[in-house]
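Participant: Pasting in a structure now, in C-alpha cells, and then I'll have a few things to ask.
The values are calculated or read from the model by the stated rules, or taken from the named source; none is laboratory data. Everything numeric in this text was worked out from a predicted model, so none of it was measured. Cβ placement follows ideal geometry from the backbone for every residue including glycine, while neighbour counts extend to all protein chains displayed. Just the protein is used for accessible areas: all its heavy atoms, side chains included, with ligands, DNA and RNA removed. Shrake-Rupley method; radii C 1.70, N 1.55, O 1.52, S 1.80 Å.
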Amino acid sequence: MTNADPAAPTLFERIIARQIPAQIVYEDDDYIAVRDIAPKAPVHLLVIPKQVSTRVDEITDAGEMGRLWLTAVKVAQQHLSDYRLIVNVGRGGGQEVFHTHIHVLGGWEGAAPVGFGQ
Ligand code: AMP
C-alpha cells in the first residue's frame, strides 16, 4: 500500500479525486473523512488533509496541525461520544498509507480494548 512512486498520487488523493470509491462521512475545502475499508473497531474513520504531507510530523505549522486535530475531533463527535484518536507515523509506527491521516476509532461495547486497538 506504500506509494512506490513519490510523484504518483497517494491512495487518499485518489479517494479525494473520486478515482477510488470510499464511504465519505465528512468533507470541507481542506479535509475529508472516510470509513476505513478494514475497520479495527465498530466505528473506524480516517480524517485526511487534502493538502498532502507524507507523515504527520512533516506538519510544522501549529495552525495547520491544530486544524487537523480539531477536524478529527469534530468528525469523531459527529459519530461517537467516546473515541480513540491514533496516528501511525512511519513504517515502524505502523503507517501503511504515506499521506497524513488520523484514525478515529470507537463504538466498542463497554470499555475500549486495552492497548493500541487499531
Ligand atoms: P495507516 O496504517 O495508519 O497508514 O492506515 C491506513 C489505513 O487505510 C488502514 O487502516 C487501511 O485499512 C485503510 N485503507 C486502505 N485502503 C483504503 C481504502 N481504499 N479506503 C479506506 N480505507 C483504506
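Participant: Which ones in the range 38-53 are touching a residue at least 40 places away in the same chain (Cβ under 8 Å) and either buried (at least 21 other Cβ atoms within 10 Å of the Cβ) or within 11 Å of the ligand (Cβ to nearest atom) (or both)?
Facilitator: Scanning the range 38-53 gives K40, A41, H44, L45, L46, V47, I48, P49.
Participant: Moving to a separate point now. For the range 104-113, name all the residues that are of a type in the set (A, V, I, L, M) and open to solvent by less than 40 Å² (accessible area, probe 1.4 Å).
Facilitator: V104, L105
Participant: Next question, about the same structure. For the range 87-108, what are the residues that are within 12 Å of the chain's Cα centre (by Cα) and either closer than 13 Å to Y26 by Cβ or near the ligand (Cβ under 9 Å from one of its atoms) (or both)?
Facilitator: V87, N88, V89, Q95, E96, V97, F98, H99, H101, I102, H103, V104
Participant: Quickly run through the range 64-86 and pick out the residues that are aliphatic (A, V, I, L, M), closer than 16 Å to D29 by Cα and within 11 Å of the chain's Cα centre (by Cα).
Facilitator: L68, A72, V75
Participant: For L11, all conditions in the list (1) crowded, with 17+ Cβ neighbours inside 10 Å; (2) under 26 Å from W108 (Cβ atoms); (3) within 11 Å of the ligand (Cβ to nearest atom) hold save one; what is the number of the exception?
Facilitator: L11 satisfies all of (1) crowded, with 17+ Cβ neighbours inside 10 Å; (2) under 26 Å from W108 (Cβ atoms); (3) within 11 Å of the ligand (Cβ to nearest atom) except (2).
Participant: Please enumerate the residues belonging to the range 54-72 that are outside any loop (DSSP other than H, G, I, E, B) and either within 11 Å of the ligand (Cβ to nearest atom) or at pLDDT below 95 (or both).
Facilitator: Listed by number, the list holds a single entry, V56.
Participant: Scan the range 89-103 for residues that are surrounded by 19 or more Cβ atoms within 10 Å (Cβ to Cβ) and touching a helix residue (DSSP H, G or I) at 6+ places or on another chain (Cβ under 6 Å) and jot them down.
Facilitator: Residues satisfying the conditions are H99, T100, I102.
Participant: For residues in the range 17-37 being within 11 Å of the ligand (Cβ to nearest atom) and open to solvent by 50 Å² or more (accessible area, probe 1.4 Å), which is nearest to H103 (Cα to Cα)?
Facilitator: R35
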